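See below for the structure under consideration.
The values are calculated or read from the model by the stated rules, or taken from the named source; none is laboratory data. Quick caveat, the model's predicted, so the values are computed rather than measured. For neighbour counting, all protein chains shown are included, and Cβ atoms are generated from backbone atoms with ideal geometry for every residue, glycine included. Heavy atoms of the whole protein, side chains included, go into the accessibility calculation; ligands, DNA and RNA do not. Shrake-Rupley method; radii C 1.70, N 1.55, O 1.52, S 1.80 Å.
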Amino acid sequence: MSPKKKTILAAGIEKSRIPEIYRRLTPHYDFWGRLTESKARSRCLELAAIRDGESVLEVAVGTGLVFERLLKANPNGRNEGIDLTEAMLSKAKVRAEGTGVRNYRLSIGDAYHLEYPDETFDVLINNYMFDLLPEADFPALLSEFNRVLRHGGRMVVVSMTLGKPWFNALWKAVYRLNPAWLGGCRGVKLLPDLVGAGFEKTKREFISQKGFPSEVVFGIKSGKL
Ligand SMILES: C[S@@+](CC[C@H](N)C(=O)[O-])C[C@H]1O[C@@H](n2cnc3c(N)ncnc32)[C@H](O)[C@@H]1O
């Protein structure tokens, strides 16, 4: 077993339970989302370097904490956001309306089967979704992301990752009791799967906020696959 496999916990919640778990988390979500994850979301947007007029997809928009900012950066472009959970999406819609930007569409959608033709987007971003999902699914999800990007398109993915040993041990103990208390999230490492999914110029940054560990991974769709 590789060191990566040894340290990443098995996903603790089934995909079918995600909408119900996140429906319950929706009212409190933004508090946690801002307290420990706002730095990594900001870095995601910096690395995405969206230019007004581009075609952008955010997968798993949640309550729209990033989507709101990407609308302000891309008021004349195409902005699409999807999520599996209706309650999270409803909050994102309120937030998006508040920007005054009208060039957007928010809809129910599944990261595993993106309902867009090949090579549709210049930029794809995704925050804190892979950390809920089985590690065995990462290559297929990244390939699906790659499929909808144009050649040279940018992808930025933020996830909870592994942090200090004391943090990992504490998180693991609670996760084993009930993963739903933690929104099903556990630390993951995505970078090793990027090249096989058709990305180049890949890089990973580690960000800690109040002790909570995040990774931001970046890749450009290569012309090779
Ligand atoms: C931890 S929240 C992150 C939300 C948002 N990206 C953020 O950073 O605040 C995880 C989100 O992923 C969504 N999600 C989980 N699996 C998904 C899938 N297969 N397709 C689309 N969204 C998914 C959940 O519904 C939830 O809104």
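Would you mind calculating the relative contact order of the chain from Cα pairs under 8 angstrom and at least 6 residues apart, reporting the percent as a whole number?
Value for the chain: 23 percent.
With every protein chain in place, what's the accessible area of Met129 (1.4 Å probe, Å², nearest 10)?
20 Å²
First compute the accessible area of the chain with a 1.4 Å probe, then give the percent of it belonging to carbon and sulfur atoms.
Solvent-exposed carbon and sulfur of the chain make up 57 percent of the total.
Which of the pairs Lys172/Lys210; Lys39/Lys72; Lys172/Lys221; Lys15/Lys189 have their Cα atoms more than 22 Å apart in this structure?
Lys172/Lys221
Might you tell me the accessible area per residue for the range 3-221, computed with a 1.4 Å probe and given in Å²?
Working: 9680 Å² over 219 residues.
So the range 3-221 comes to 44 Å² accessible per residue, rounded to a whole number.
In terms of Cα to Cα distance under 20 Å, which aspartates and glutamates are near enough to Lys203, apart from those fewer than 8 places away along the same chain?
Glu37, Glu46, Glu58, Asp122, Asp131, Glu135, Glu144, Asp193, Glu215
Using only Cα atoms, what Kirkwood radius does the range 124-184 have, in angstroms? Present the calculation step by step, with values, prior to reporting the outcome.
Details: mean 1/r = 0.0746 Å⁻¹.
Computed over the range 124-184, the radius equals 13.4 Å.
Can you compute the modelled spin-label distance between Glu20 and Val195, with each label point 7 Å from Cα toward Cβ, in nm?
4.2 nm
How many percent of DSSP beta bridges within the chain run antiparallel, rounded to 5?
Antiparallel bridges: around 45 percent, rounded to the nearest 5.
May I ask you to order 119-125, 193-199, 169-175 by the average number of other C-beta atoms within 10 Å around their residues, highest value first? Provide the component values of the computation, followed by the final result.
Values: 119-125: 22.0, 193-199: 20.3, 169-175: 13.9.
Ranking the peptides 119-125, 193-199, 169-175 by packing returns 119-125, 193-199, 169-175.
To the nearest 500 deg cm²/dmol, what mean residue ellipticity at 222 nm is calculated for the chain from DSSP H runs of n ≥ 4 alone, each contributing -39,500 (n - 2.57), summed and divided by the residues?
Here the helix-only value at 222 nm equals -11500 deg cm²/dmol.
Rounded to two decimals, what ratio of Rg to Rh does the chain give with C-alpha atoms and a Kirkwood Rh? Mind showing how you got there, number by number?
Numbers: Rg = 16.4 Å, Rh = 17.5 Å.
Over the Cα atoms of the chain, Rg/Rh equals 0.94.
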